[in-house]
1. Let me confirm something: among L33, L41, which residue is aliphatic (A, V, I, L, M), open to solvent by less than 10 Å² (accessible area, probe 1.4 Å) and in the same structural domain as R108 (by TED's automatic domain parsing)?
2. Filter region 215-238 for residues that are within 16 Å of ligand 2 (Cβ to nearest atom) and farther than 20 Å from Q258 by Cβ; which is least open to solvent (accessible area, probe 1.4 Å)?
3. If you check E338, E365, E348, which single one turns out to be among the acidic types (D, E) and either at positive phi or out of contact with any Pro (no Cβ under 9 Å at 6 or more places or on another chain) (or both)?
Amino acid sequence: MSVKMDETFRCVTCTAPVNIAVIKYWGKRNEKLILPTNPSLSVTLGQDELRAKTSVAFSSKYTEDRMWLNGKEESVSSQRIQNVLKEVRRRVRKRGAPGGGNEVDTSRHIHIVSENNFPTAAGLASSAAGYACLVYSLCKLYGVQGEISDIARQGSGSACRSIYGGYVLWKTGDLMDGTDSFAEQVAPESHWPEMRSLICVVSDQKKHVGSTEGMQTTVLTSELMQHRVDGVVSQRTDDMIEAIMARDFPTFAKITMQESNQLHAVCLDTYPPIFYMTDTSRLIVRLVHAINDVLGDIKVAYTFDAGPNACLYLLKEDVPRVMGLLRHFFPPAQRNGEPFVTGLPVDELPVTESDLAGISLPQSEGAIKYVIHTKVGPGPQVVTDPSESLIDADGSPKQKSS
Ligand SMILES: Nc1ncnc2c1ncn2[C@@H]1O[C@H](COP(=O)(O)OP(=O)(O)OP(=O)(O)O)[C@@H](O)[C@H]1O
Ligand SMILES: C[C@@](O)(CCOP(=O)(O)OP(=O)(O)O)CC(=O)O
């Protein structure tokens, strides 16, 4: 976990997962502390397919805090990075850390090197995985114990949910200082082993309105948002927890779709309106409802965040058929030999005449770029193999060998 190169050098490397909400966070009651207007609940996805990896090191030789993201140096002066660094260092000073001595000296500068194994800032929750990974790694580096999801929350709201695996609730909290607004696991990843996710990447370009700015405008201008907060989300959260605990897929799926639809309705009710879903997103919605009609039960759910990409939730037994239908209605364009489906293997079923008779939709070639097949996964992990570290002994990002 830690590599001691000299008496004042220490390095830790960790990975953290993406989470995709089924009860959506959209709106803050406190911008600075990142406190939400309502509870939210998410599913943590598998790290083999989607993860941030971060190495953090301190050394007496470093002359300033520095950070590299995906091979490029970035400023550490951003408010959110500063929030996180300050809060971790404050806790180290307050509580002390095991071992004492050098290990609790927070005056040393740190170097951070991070990379994501999926597109950054493209509506695939890179900020959630990234800030969860940064906070988890820093806390391991300094030996900070106890609840840390509230620190991740101050980097990006949704990041607090990536501190846990499985099914995770982010509590709204009542206190002004935000100390009761943290994440907690509702059920571990092992609770519902059949749960799968197909992430349909429609675009991996940067979105036009960021979540932070988008939700600010919504809170200021949308009446529907008030209705959502006052009269909808709490009940849906309770119902969702009940559905998860009972492994009741149709109820889980229905609430997931209703939540996604309400998030995007609230975005449309924002003034000026915000459009994250595209024609392709809407075709995916229609296809999912058509599949559920043909199968005679709710077998698959869609959810969209602040972008056009769909995250489909479904059970393992339905993946082959749904994947076959996705490929039929969204035939892949040439991808220079790259596969259309990545991640967990799929034994795709060919579409049948009777499936097609029940689904009246156009085919849309190349509209889904690729699909990531993943399952529910654990929270952040410490990487024990020192050769996996992203930081060189001199504090620079390691050069890739190939
Ligand atoms: N591995 C990482 N380490 C630290 N910060 C990261 C990391 N990955 C992403 N970020 C931060 O998150 C920002 C991207 O967040 P943004 O909300 O724009 O996109 P997203 O999280 O991919 O999409 P969404 O929140 O809509 O799902 C990056 O510009 C960077 O500041
Ligand atoms: C649509 C969402 O994905 C919004 C995510 O918002 P962010 O967590 O990215 O916003 P900030 O707290 O301002 O960083 C819904 C969700 O994940 O619950």
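1. Values: L33 fails: open to solvent by less than 10 Å² (accessible area, probe 1.4 Å).
Within the list L33, L41, the selection yields L41.
2. Initial filter on region 215-238 (within 16 Å of ligand 2 (Cβ to nearest atom)): 215-220, 222, 224-225, 228-229, 232-234, 236-237.
Filter once more, keeping what is farther than 20 Å from Q258 by Cβ: 216-217, 219-220.
Details: Q216: 74, T217: 40, V219: 62, L220: 146 Å².
So the residue we want is T217.
3. Working: E365 fails: either at positive phi or out of contact with any Pro (no Cβ under 9 Å at 6 or more places or on another chain) (or both); E348 fails: either at positive phi or out of contact with any Pro (no Cβ under 9 Å at 6 or more places or on another chain) (or both).
Of the residues listed, the single one that is among the acidic types (D, E) and either at positive phi or out of contact with any Pro (no Cβ under 9 Å at 6 or more places or on another chain) (or both) is E338.
One line per residue, one yes/no per condition, for (1) within 16 Å of ligand 2 (Cβ to nearest atom); (2) out of contact with any Asp or Glu (no Cβ under 6 Å at 6 or more places or on another chain):
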| position | (1), (2) |
| --- | --- |
| D105 | no, yes |
| R108 | no, yes |
| A121 | yes, yes |
| S126 | yes, yes |
| A129 | yes, yes |
| Q145 | no, yes |
| D150 | yes, yes |
| S158 | yes, yes |
| L169 | yes, no |
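The values are calculated or read from the model by the stated rules, or taken from the named source; none is laboratory data. Predicted model only: the values in this text are computed from it and were never measured. In this analysis, Cβ positions are derived from the backbone assuming ideal geometry, glycine residues included, and neighbour counts consider all displayed protein chains. Protein only, heavy atoms only, side chains kept; ligands, DNA and RNA dropped before computing areas. Shrake-Rupley method; radii C 1.70, N 1.55, O 1.52, S 1.80 Å.
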